[in-house]
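**Student:** First, the structure itself, so that you have it in front of you.
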Amino acid sequence: MNDQPRKILICEDHQIVIDGLRSIIQDFSGFEVVDAINGYSNLYSSLEKYEPSILLLDLNLPQKNGLEILQELRGKNNDIKVLILTMYNKKTIVNKTITHGANGFLLKNCSSEDLLDALNHVSKESGFYYGEGVVKSTKPDPLKEDEFYKRIQLTPREKEIIKYLCDGNKVPDIASAMSISPLTVETHKKNIYRKLGVDSSIKLVTFVHENQLL
Amino acid sequence: MKINCYKTYWFLFSLFAVCFTPLHANDSIVFHDARFSKNLKDFVTINISKKNEGPFSTDKLDRFASLDDKRSFFYLGFDVAQAYSKFTLENQSNTSKEVILSFSYPFLEDVSVYKVDQGDLKLEGSVGINLLKQGVERTWKVSITLLPKERSLYYLVFNKSKGKPLATDIIVQDSDTYYNTHTFQSVAIGSYAGLVLLSLLFTTLIFVFIKRTLFLLYGLYLTILLIFIGSYLGYTNLLLPPESLDVGRAIYVISIELSTAVFILFAQQVLMAKKYLPKLKKSVEFVIVFQFAFRIFLHFMANSMYAAQVELFMKLWYLTILFLIVALVIEVFVYLKHNKKIGAYFAISYLFMAIGSILLVLYHSFGLLKFSFYGLPGIFYASALEVCFLTATLTLVVGQIYQERNSLANKLVLQQQKFLNAFVQGQEDERKRVGSELHDNIGSKISNLKRLFSTKYSDEKMQKEFDDICEDVRTVAHSITPAEISLVGLSGAIDELLETIEKTEQLTINFNTFQFPENLNEGISTHLFRIVQELLQNVIKHANASCVDIQLFGHKNSVTLSFEDDGQGVAQKNTSSGIGLKNIRSRVTQMNGQLLFDSLPDKGTSVLVIIPTKYT
């Protein structure tokens, strides 16, 4: 079914990349670059004008970065297929694009075959397309993601200060006992409260006892 | 204190009494019940002898020559050995009266008062350091009691060694007036001592803080001045045992000598004579050294030579002092010409002392003029004023120094801070520029090139080569700019950083965030990222640690980065140095934050960075 070529919009701030992509996609049957824009400013006018079905989106863009554009599009319930094309090959970035609703991730140094595969994939299938060499996001460590587990991971210094606090010591005494500045102790204490979700020394003691942190 | 009209007049009179007082009409002092205070010199003539005539008696009177002297005080020249004056006291009241003759000069050698009693001489009292008798008060005094309506003739007899002039006031007062005056003097002297001691304490403190020898010199001067004034006012007569009263005079001589020398040297420094009058300064210093050495030599080592030529030496000494004072006055005026503000205070204080010294020298050497008030010598008031002014001036000088230093130090710190900030900012900008250039421009171009080639030639090797170049460019670009901060936020960027580090280093790194704001501004995020990067580098390079905890906390008005390692730590002293930590400090300052660093050997290192977020 190649009656109508699929319309592609390129959003990329380097003319040479745009030119390169245009010339490559020209050779692909079934795909057509309808417009190339440099960034966020003329995105919506172009979308309205050409109604493209695929957006080749760079991440590093002048006004709004690719992730923000993606987020905004999905926020507006725009379900245009978005294929990220970037130099960044980082797990965190790939993960972010997935959570923000991208359809595929390509590296800029991909081959033309890879590009064609990606275009075909996003136009026909629903799964996320990983380009050649893109780092696959591993399953997040369930233990690491667990808020509670995270909360009770105390550093040695924090443990030391908690011990003093649970013994009923005041900040200046702890400071002189540990020979560090009172502000340091105060900051650690603030951090510990934030970490354990408590707001008083009594709650701290209760929490520490209930969870046997020491 | 009660002063009647007559007395006030007398004090005013004696204040400016220069040597031209009218000659006395007769030699009788007549008094009633009222208080009185008279200058004995106004009533008597001095008769002198250049030889020591032995014990005084009325049949030796013709050996003395009458001295036509118009001074308002007793002055016996260099060559006088013995002198006497005759006076009559008449008590017109109906009660017996105690009359006191007080002498202002504390180093009288031998002075006796005889009463003519039915043709015989009766000793009423004798004072002086040669008599080996200690007075109970600081000034010498002879007390005479007159019966009601008594009228008697007295002889005042001086014995002195030749070569040393003697100048003294002798005041005749009733005992009440005497003790009143005495009380006033005690108060004045006490205040003076307090003033000097306070100044001494003050200047010592300043010296401790500022460490300028000038203040030490001033302290030394104050000490010697106190000794000098003390001995001049007769306190040595009280403090020394009777058999060594003469030591008092030696102390007086040494302290006047030393205080002059230190005073002049101090003045040289303060008045910056080195700058304005280098030649005069040299000659002044030469004269001081010469004078001091010479005087000490004569007094203690070549006493016989001194004794033979005392008059010459004394005149020489007085002349050198006069020279020094004149030199000082010149310096004061030159200094005043150059330094308008503070200079005026210095000049005033020095002028007080200079004038006081001139008066003192003229009084004691040639008996030229006298300046005293309430029985205390002019030099006493002059030095009090001088100490007052000098201390005030030095305080001003210290204030000035501090202000200058503070503003200079502030400027320097600010400048340094500016430099460092500019440096860090420049570094960041440059990194950003190079990074994005590499990443976006060159990287993109190479990728493009690769695709262009791959459509025409499907050479595996070439493709691989292109991929390697792309990877390299990317790695380099990422190592110099965390461009993804804007994409993934600070925690994402740190995650990435840790991943690359954990690949190569044997290091467990725990990284957690606690309510850390996702949308933290990019400037702060970049700074914090760099700080983490820098700290990790430090840990890898120096700490020998196996575990690192990095935590980011979001608080109400601030964010906190906590960085702990279990490495060997560093001694507290070395923490402030090191380019890395300096860089971190600069970044923290730029964010108006606080850097808390604590580390103990073998107890690891903990770094806290607190950044306020409310107003940024």
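**Student:** Please enumerate the residues belonging to segment A:184-214 that are closer than 22 Å to B:PRO601 by Cβ and either at the interface with chain B (Cβ under 9 Å from one of its Cβ atoms) or of a type in the set (Phe, Trp, Tyr) (or both).
**Tutor:** Across segment A:184-214, the qualifying residues are A:THR184, A:HIS188.
**Student:** Restricting to segment B:503-528, and then to whatever is outside any strand (DSSP E or B) and within 13 Å of another protein chain (Cβ to nearest Cβ), can you tell me which residue is farthest from B:LEU561 (Cα to Cα)?
**Tutor:** It comes out as B:LYS503.
**Student:** Take segment A:9-48 and flag every residue that is more than 13 Å from every other protein chain (Cβ to nearest Cβ), farther than 16 Å from A:LYS64 by Cα, in a helix (DSSP H, G or I) and in contact with a helix residue (DSSP H, G or I) (Cβ under 9 Å, 6 or more places away or on another chain).
**Tutor:** If the condition is that a residue be more than 13 Å from every other protein chain (Cβ to nearest Cβ), farther than 16 Å from A:LYS64 by Cα, in a helix (DSSP H, G or I) and in contact with a helix residue (DSSP H, G or I) (Cβ under 9 Å, 6 or more places away or on another chain), then A:LEU47 is the only one that fits.
**Student:** Also: Of the residues that make up segment A:52-61, is at least one surrounded by fewer than 16 Cβ atoms within 10 Å (Cβ to Cβ) and either over 30 Å from B:ARG433 (Cα atoms) or free of Cβ contacts under 8 Å to residues at least 40 places away in the same chain (or both)?
**Tutor:** Taking segment A:52-61 and keeping what is surrounded by fewer than 16 Cβ atoms within 10 Å (Cβ to Cβ), we get none.
No, segment A:52-61 has no match at all.
**Student:** Tell me, yes or no, whether segment B:63-86 has at least one residue that is assigned by TED's automatic domain parsing to the domain that holds B:SER37, in contact (Cβ under 8 Å) with a residue 40 or more places away in the chain, within 12 Å of B:TYR155 (Cβ to Cβ) and aliphatic (A, V, I, L, M).
**Tutor:** Yes, some residue in segment B:63-86 is assigned by TED's automatic domain parsing to the domain that holds B:SER37, in contact (Cβ under 8 Å) with a residue 40 or more places away in the chain, within 12 Å of B:TYR155 (Cβ to Cβ) and aliphatic (A, V, I, L, M).
**Student:** Any residue that is within 14 Å of chain B (Cβ to nearest Cβ) and either of a type outside the set (Asp, Glu) or touching a His at 6+ places or on another chain (Cβ under 7 Å) (or both) - is there at least one of those in segment A:73-84? So that I can check it myself, show each step before the final result.
**Tutor:** Of the residues in segment A:73-84, the ones within 14 Å of chain B (Cβ to nearest Cβ) are A:84.
Now drop any that are not either of a type outside the set (Asp, Glu) or touching a His at 6+ places or on another chain (Cβ under 7 Å) (or both), which leaves A:84.
Checked segment A:73-84: at least one residue is within 14 Å of chain B (Cβ to nearest Cβ) and either of a type outside the set (Asp, Glu) or touching a His at 6+ places or on another chain (Cβ under 7 Å) (or both).
**Student:** So which residues in segment A:116-135 are more than 17 Å from B:ASP467 (Cα to Cα) and not aromatic (Phe, Trp, Tyr)?
**Tutor:** Across segment A:116-135, the qualifying residues are A:LEU116, A:ASP117, A:ALA118, A:LEU119, A:ASN120, A:HIS121, A:VAL122, A:SER123, A:LYS124, A:GLU125, A:SER126, A:GLY127.
**Student:** Which of the numbered conditions does B:GLY604 fail, given that it passes all the others? Conditions: (1) farther than 22 Å from A:SER181 by Cα; (2) within 14 Å of chain A (Cβ to nearest Cβ).
**Tutor:** Every listed condition holds for B:GLY604 apart from (1).
**Student:** At least 1 residues that are under 42 Å from the mean Cα position of the chain (by Cα) and among the acidic types (Asp, Glu) in each: list the strands (runs of 3 or more DSSP E) lying fully within segment B:53-120 that qualify.
**Tutor:** In segment B:53-120, the matching strands (runs of 3 or more DSSP E) lie at B:110-117.
**Student:** In a helix (DSSP H, G or I), of a type in the set (Gly, Ala, Ser), more than 14 Å from chain A (Cβ to nearest Cβ) and in contact (Cβ under 8 Å) with a residue 12 or more places away in the chain: which single residue out of B:ALA409, B:ALA477, B:ALA382, B:ALA422 fits that description?
**Tutor:** B:ALA382
**Student:** Let me ask something else about it. Can you confirm whether B:GLY378 is within 23 Å of B:LEU198 (Cβ to Cβ), assigned by TED's automatic domain parsing to the domain that holds B:SER231, in contact with a Lys or Arg (Cβ under 9 Å, 6 or more places away or on another chain) and at pLDDT 75 or above? It would help to see each step written out before you state the result.
**Tutor:** Details: within 23 Å of B:LEU198 (Cβ to Cβ): yes; assigned by TED's automatic domain parsing to the domain that holds B:SER231: yes; in contact with a Lys or Arg (Cβ under 9 Å, 6 or more places away or on another chain): yes; at pLDDT 75 or above: yes.
When the stated conditions are applied, B:GLY378 passes them.
**Student:** Whether any residue in segment B:530-537 is under 20 Å from B:LEU581 (Cα atoms), more than 13 Å from chain A (Cβ to nearest Cβ) and polar (S, T, N, Q) is what I want to check. Walk me through how you get there before you give the answer.
**Tutor:** Filtering segment B:530-537 for residues under 20 Å from B:LEU581 (Cα atoms) gives B:530-537.
After this cut, where a residue has to be more than 13 Å from chain A (Cβ to nearest Cβ) as well, the list is B:530-537.
Imposing the further condition that a residue be polar (S, T, N, Q) reduces the set to B:533, B:537.
The answer is yes; a qualifying residue exists.
**Student:** Going by the structure shown, is B:PHE290 surrounded by 18 or more Cβ atoms within 10 Å (Cβ to Cβ) and free of Cβ contacts under 8 Å to residues at least 40 places away in the same chain?
**Tutor:** no
**Student:** Of everything in segment A:170-214, what is surrounded by fewer than 12 Cβ atoms within 10 Å (Cβ to Cβ), at pLDDT 85 or above and among the acidic types (Asp, Glu)? Give them in sequence order.
**Tutor:** Residue satisfying the conditions is A:ASP199 alone.
**Student:** Can you find a residue that is more than 21 Å from B:GLY234 (Cα to Cα), at pLDDT 85 or above, surrounded by fewer than 18 Cβ atoms within 10 Å (Cβ to Cβ) and over 10 Å from the mean Cα position of the chain (by Cα) anywhere in segment B:180-200?
**Tutor:** yes
**Student:** Are there helices (runs of 4 or more DSSP H) fully within segment B:152-253 with at least 2 residues that are over 28 Å from B:THR393 (Cβ atoms)? List them.
**Tutor:** On the way: elements: B:175-210, B:213-232, B:235-239.
Hits in segment B:152-253: B:175-210, B:235-239.
The values are calculated or read from the model by the stated rules, or taken from the named source; none is laboratory data. Quantities reported herein were computed from a predicted structural model and do not represent experimental measurements. We place every Cβ from the backbone using ideal geometry, glycine too, and count neighbours over all the protein chains shown.
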